[in-house]
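The values are calculated or read from the model by the stated rules, or taken from the named source; none is laboratory data. In this text, all values refer to a predicted model and were calculated from it rather than measured experimentally. Cβ atoms come from the backbone with ideal geometry, glycine included; neighbour counts cover every protein chain shown. What goes into the accessible areas is simple: the full protein's heavy atoms, side chains included, and nothing from ligands, DNA or RNA. Shrake-Rupley method; radii C 1.70, N 1.55, O 1.52, S 1.80 Å.
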Amino acid sequence: MKKNFDPWKWLLLVFFVMFAWQLAWPPTDTQNDKGELVPGKIPLGTDIIGGTEFLYELVHSDIGKIVRQQLEEESKADSLRTGKVYVEPSDDAVQDGVEKRLASDRDTIMEIVLNRIDATGIANARVYAQGKDRIVVELAAVTDEQRERIITIIDRVAQLTFQLVHKESNEAVSKIFVTQEAPPGYAYKEEKLGERVYRGYVETNELGRAEWTPDQMSKWQAAVRRWGNAPSGAELYLQRENYGISKSIYVPYFVESRIQLRGDLVKSASMSFDEMQGNVVLMGFNGEGAKKFAKVTRNYAPNGPMNEGNANGRLLAVIMDGRLFSAPELQEAITGGEARITGTFTPEEARDLASVLRSGSLPARIIPIQRSQISATLGADSIHKATRAIMYSGIAVLGFMLIYYMTCGLVANIALILNMILLPVGLFLVAGFMGMGADQSHSATSAMLLPVLTLPGIAGILLTIGMAVDANVLIFERMREEFKMGKKVWPAIMGGYDRAFVTILDANLTTFITGIILYAFGSGPIRGFAITLCGGILVSMYTALFVTRMIFQLFAQNAKPGTIRMLTVVKDSVSIDFVGKRGIAAVLSVVLIGGSWFLMFQKDFLGVDFTGGIAVTHAYASDTVPESEKVVAAYTEAGFPGTQVQVTKEIG
């Protein structure tokens, strides 16, 4: 055994290789010996394999209500200030306000939708605008269950309010129960389990956990008003409760119309588990919200300032998007700025609700217009060309390193190959690190999944491969200097690593920090690029600084001088005064930087992701759709370079 041979380092390398195999094999869908489908472990983005596309449209009437309310408040304030007669805003003024708000509200909704999807951990989505009042959501290949879950998350407006249950709610509900009236598809039910009697409404069509639709709710509320059983200034809501074994019952509450607290004061939300209440959503308010929540809970606690003479606290209803989640009794003032939502959630429902609350409420509803199956952004021929380009460039790099650095080049090539093999480990670790603190909804079966790989992600991988080569070049050139000083093989190798370490660490660390910033402030494909960039850096640092040293250690410990050779292009006798040419270098650098910035703002430099563009739809029969490359060539010839083509098939 060599003097400094450490078997634990090699065992660790073997472990990493086996872990990478477990993470990434098989990379694509395959069939086993029994003919069963084995799903691939490298998820690909829509730009590579296509996926599903949703088209949504903003509801103008929602924006109109907000605009009208703002104009009314401005007109009233102006009337009080000047003494003029209050004039209601005209329909034309409201319409002008809607037109001005559309673009900003659309952009806000796009950001919120993308944040909601990112928080699920399901797929690397792409969200972009189409026209002034539509947005498009693209998802890579997902299951039907995942697709429906994302649709539910997107559709939530997430308008959260805290309102008091009316003092006369129990009496009014009892009057409704006497009539035993219920909406179509539901029936009144009364059942005693143990010491408690459950009274409410159950579905007669056995749809299980389906929720009441807003239309059903509004019609029933109107019916309750006609019966004359509704307290003044109150609205009827239903809270779903689970009882017995897999049984659900809807319990009515009359809730005061006055809003005590709004959800825009919530700054954080996360899912938790309580032994008594099951899965719950914990919320944290900002400074203003904490003060208001403490005031409400203090005022309406037993014998509180607004509840004097009452030994029981008032019920505080937690309502989001017209659904009553819970109505707990206020027992004491809550001054910590935290609250919780209970409501018989599954773990997935609680996580999704928390992510929706974190991302914020939509300024207006969006309604689905179309669902389509889409092809990859790149055609099959383009993908094949890109694959060949990557393969040829990789062979060229390996060949150069082997020819120029000889033995050292062979070691570097082994490290580069290991770099690609171990890359899944780096992606897995970085994705987990960057996902800390984001309450992502990963199930037990998806906990070991790799992040979605997109074209920006591939670019990040290629960039880290280049940086890995740079690290090896720095080490080998430092080793060359050590050899020139007459050192023996092993001391020269160690000197090369020691002298190059700071430079390599500085270059990679700054790039890693940049990747973290991109992930923190970016979304979608930008986060994909950040994860692959940082994962590649992590692995390349390990292979360049540790694995190559371990390989050198196997044969260079007792090697004779001259064993390790490298080619030399510039002879030792050549002397170039680089410092003396610093003025020329500075001027040249300024010219290049200025020219680069000038080109950045020229026409056609930026793609549609930055500047927008025109979407043209061509309808074809399924057997006459032309190849994407031919369509791109036709548009390029017509003066539209950079055209992207996707084949879509409507699915609902």
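Structure above, values below:
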| item | result |
| --- | --- |
| Residue tally, condition within 30 Å of Leu139 (Cα to Cα) and open to solvent by less than 60 Å² (accessible area, probe 1.4 Å), over region 471-515 | 3 |
| Among (1) surrounded by 14 or more Cβ atoms within 10 Å (Cβ to Cβ); (2) free of Cβ contacts under 8 Å to residues at least 24 places away in the same chain, the one test that Pro252 misses | (2) |
| Single condition Glu275 does not satisfy, out of (1) open to solvent by less than 20 Å² (accessible area, probe 1.4 Å); (2) of a type outside the set (S, T, N, Q); (3) under 28 Å from Arg240 (Cβ atoms) | (1) |
| Residue ID - nearest to Asp274 (Cα to Cα), chosen from residues in region 346-360 that are out of contact with any Phe, Trp or Tyr (no Cβ under 8 Å at 6 or more places or on another chain) and buried (at least 21 other Cβ atoms within 10 Å of the Cβ) | Ala350 |
| Residue that is modelled with the highest pLDDT [pool: residues in region 361-382 that are farther than 30 Å from Arg262 by Cβ and open to solvent by less than 50 Å² (accessible area, probe 1.4 Å)] | Ser372 |
| Verdict on Gly486 being under 27 Å from Met406 (Cβ atoms), outside any helix (DSSP H, G or I) and small (Gly, Ala, Ser) | yes |
| Pair list, Cβ < 7 Å and 6+ apart or interchain, from region 532-553 residues that are under 20 Å from Tyr519 (Cα atoms) to residues that are aromatic (Phe, Trp, Tyr) and open to solvent by 10 Å² or more (accessible area, probe 1.4 Å) | Cys534/Phe512; Ile537/Phe512 |
| Residue that is surrounded by the most Cβ atoms within 10 Å (Cβ to Cβ) [pool: residues in region 148-171 that are more than 17 Å from Glu349 (Cα to Cα) and hydrophobic (A, V, I, L, M, F, W, C)] | Leu164 |
| Matching strands (runs of 3 or more DSSP E) fully within region 47-148 where at least 3 residues are within 24 Å of Met434 (Cα to Cα) | 134-140 |
| Failed item in (1) at pLDDT 80 or above; (2) open to solvent by less than 70 Å² (accessible area, probe 1.4 Å), with Phe598 passing the rest | (2) |
| Lone unmet requirement of (1) part of a loop (DSSP other than H, G, I, E, B); (2) within 26 Å of Asp321 (Cβ to Cβ) for Phe293 | (1) |
| Filter result for the condition that a residue is of a type outside the set (A, V, I, L, M, F, W, C) and surrounded by fewer than 16 Cβ atoms within 10 Å (Cβ to Cβ), over Asn307, Asn312 | Asn312 |
